[in-house]
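Since every read-out is calculated from the coordinates, none of them should be taken as a lab result. Predicted, not measured: the structure shown is a model, and the values here were computed from it. Quick reminder, even Gly has a Cβ in these numbers, built from the backbone with ideal geometry, and neighbours come from all protein chains shown.
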Amino acid sequence: MSLADDVIGALRTAGATVATGESLTGGLVCATLINVPGASDVVLGGVVAYAAEAKIELLDVDVELIEDHGTVDADVAAQMAFGAQERFNATYGLATTGVAGPGDSEGKPAGTVFIAIAGPDGVVTTALELAGDRDTVRNGTVDALLSQLVGRLREET
């Protein structure tokens, strides 16, 4: 059984739904979840908001936050997660933002990642420092986010 299977099962058990707001992962979180048969019962949709303007327009990230801190920031991830949760009226909103590499972006090194989960009990963000090429960073981000969601779902049920 895969991590995505665990997430879908835990969401079903909790009677919960999920939506994604992704930058760094470009839709990989949502794609990973919908690879599970029957995921449509609990996965409501996702937004790929790669550009700063998309984060602002589609996920309601505060423009001043991005102007002051850039897009690779814990608070941006939190607002993206909340924006996805709100846009889809989901129980949980998931978000990813960061630098996949190979070079730095916004003065932050490749592998700098922020993930966030917005849920009934608020938003939790996590900073990650991942090593490897773009695919490794992106896949590591998906694994970390889904692992945290499974853990949170199991704590809450």
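Can you tell me how much longer the chain between D62 and E86 gets when fully stretched, taken as 0.36 nm per residue apart minus their C-alpha distance, in nm with one decimal?
7.2 nm
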Check: In the P(r) worked out for the range 11-79, what percent of Cα pairs fall beyond 19 Å?
Finding: 39 percent
Next item on the list: Please determine, in degrees from 0 to 90 and to the nearest 10, the orientation of helix 134-156 with respect to the longest principal axis defined by the Cα atoms of the chain, where the helix direction is its Cα long axis.
Entry: 40 degrees
Item checked: Acute angle (nearest 10 degrees) that the helix 74-88 long axis makes with the longest principal axis of the chain, alpha-carbon atoms -> 40 degrees
Check: Listing I115, I34, I8 from the residue with the fewest other Cβ atoms within 10 Å to the one with the most, what is the order?
Finding: I34, I8, I115
Margin query: What percentages make up the Cα-Cα pair-distance distribution of the chain when the bins are 5 Å wide from 0?
Written below: 2, 11, 21, 25, 20, 13, 6, 2, 0
Notebook entry, point to check: Share of antiparallel DSSP beta bridges in the range 3-156, in percent to the nearest 5?
Noted result: 60 percent
Notebook entry, point to check: Based on the Cβ-Cβ distance from A131 to A52, what FRET efficiency comes out when R0 is 41 Å, to the nearest 0.05?
Noted result: 0.95
Notebook entry, point to check: When only C-alpha pairs under 8 Å and at least 6 residues apart count, what is the relative contact order of the range 3-156, in percent?
Noted result: 24 percent
